[in-house]
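Let me begin by presenting the structure, written as structure tokens, before commenting on it.
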Amino acid sequence: RLDVAQWAERYRVVVGDTPHPGPWRHENMPHLVEPMRDFTDPGVREIVLMFSPQAGKTEFLMNCLMYVIDRQPGPIAYVLDSKEQAEGFISARLATQIAASPRVAARVSSALTREGGVFDGGARLWMLWSGSPGRLANKPIRYPMIDELDKMAAETRGRGRTEGSAVELAEARADAFGDTARTLKVSSPTDERTGIHAEFLRGDQAHRFYPCPHCGHWQRFVFDRVRWDGGAGGRLGDLELVEHVERVRRTAWYACAACGPLEGEDPSEESPAITNAHRWWMLQRGVWVRHGERVEGPADAPEVGGRRLETRVRSYHAWWLDTPAKRFGDVAAEFVKRRGNVDRGYVNRVLGEPWRVVGQATSESRLESI
């Protein structure tokens, strides 16, 4: 039996506006491998991704959806924030991706419509959106797939525990399938303890850890360890700031949390630079570490130990530096463009964190260090 990760690398072909067209390769999205494997784990009921935009959330859903059609047929509810989004997803993304992957294209029994489609083998797809929960009446749903939860109105995603929300009704319909059901929720965050952040806290809260290429110390990528010359640009004129942003984008680097100066050495000495050339090596060796766990050991044979939370909800957080598409300079340049004033957009979009406490703490901590 193939899990979703194995299936994607064997059968998925990526097309459209993507930096990596062609056969699916895990090296282009290494942080998605473990969440995909969770889909066929009998101990998992829900998978939650709290990711920055463009960090692979929809590709994860796409791989799971196509896997269901081909290998594990059942009724699917794919929930988006609007009817227009649902129609665009069908015509511009799903139909195109299915046509490019012969294994799945052979399963299509009739043309996909804006309301979904039927596939040979028993898979049935319903597209849902705000104002459409009535379409779920008397329909069994084994696989609720919620795309961009935090873009939906509160009554749609059930933030206020609204009984008739499309998201909650889809989840309730899945209860009939017991442990064989899988609920997938993905989104970029908005506010603390609401939406996708509340769902993340219900799970085992995994973060990605990487080995330092210099000393081997395992650590998360965090904003406060990104380094560049020239400060946040708060005193620069507009034209000077433009040039400064581009310099920062080209030259920013990362400082390891462990391999700085040793005891007795000059404390002003900085850690050896981790550059963008090192990042690819690190990303390919990254491991997910959950709340209560720790990772140690060599880069190519890590050992994750400790006691994880006992829950059937797997939850993951990833931000710009957890994806191959972004560089240290991108993170720093976005900060400098704002002259060091961290706003909601930076916290939600770049850091992939919910707004409020995290945003304020990040801003104050970073401004004190430059």
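The values are calculated or read from the model by the stated rules, or taken from the named source; none is laboratory data. Since we're looking at a predicted model, the values are computed, not measured. FYI the Cβ positions are ideal-geometry reconstructions off the backbone, even for glycines, and counts take in every protein chain you see. With ligands, DNA and RNA removed, areas are computed over all heavy atoms of the protein, side chains included. Shrake-Rupley method; radii C 1.70, N 1.55, O 1.52, S 1.80 Å.
Got at least one residue in the stretch 232-252 being open to solvent by 20 Å² or more (accessible area, probe 1.4 Å), in a helix (DSSP H, G or I) and closer than 26 Å to Gly292 by Cβ?
Checked the stretch 232-252: no residue is open to solvent by 20 Å² or more (accessible area, probe 1.4 Å), in a helix (DSSP H, G or I) and closer than 26 Å to Gly292 by Cβ.
Kindly list, by first and then second residue, each pair from a residue in the stretch 279-304 that is on the phi > 0 side of the Ramachandran plot to a residue that is open to solvent by 80 Å² or more (accessible area, probe 1.4 Å) and assigned to a strand (DSSP E or B), limited to pairs with Cβ atoms under 9 Å and residues at least 6 apart or on different chains.
So the pair list comes out as Gly297/Glu303.
Does the stretch 89-104 hold any residues that are open to solvent by less than 30 Å² (accessible area, probe 1.4 Å) and closer than 22 Å to Lys151 by Cβ, and which are they? Spell out the reasoning first.
Applying the first criterion (open to solvent by less than 30 Å² (accessible area, probe 1.4 Å)) to the stretch 89-104 yields 89-90, 94, 97-98, 100-101, 104.
Within the stretch 89-104, Phe89, Ile90, Leu94, Gln97 qualify.
Sort out which residues of the stretch 1-21 are modelled with pLDDT under 95 and open to solvent by less than 20 Å² (accessible area, probe 1.4 Å), and write them in order of number.
Passing the criteria: only Val14.
Report whether or not His26 is more than 23 Å from Glu168 (Cα to Cα), in contact with a strand residue (DSSP E or B) (Cβ under 9 Å, 6 or more places away or on another chain) and modelled with pLDDT of 95 or more.
Taking the combined requirement at face value, the residue does not satisfy it.
Find the residue count for the stretch 49-69, including only residues that are open to solvent by less than 10 Å² (accessible area, probe 1.4 Å) and more than 9 Å from the chain's Cα centre (by Cα).
Total satisfying the criteria: 9.
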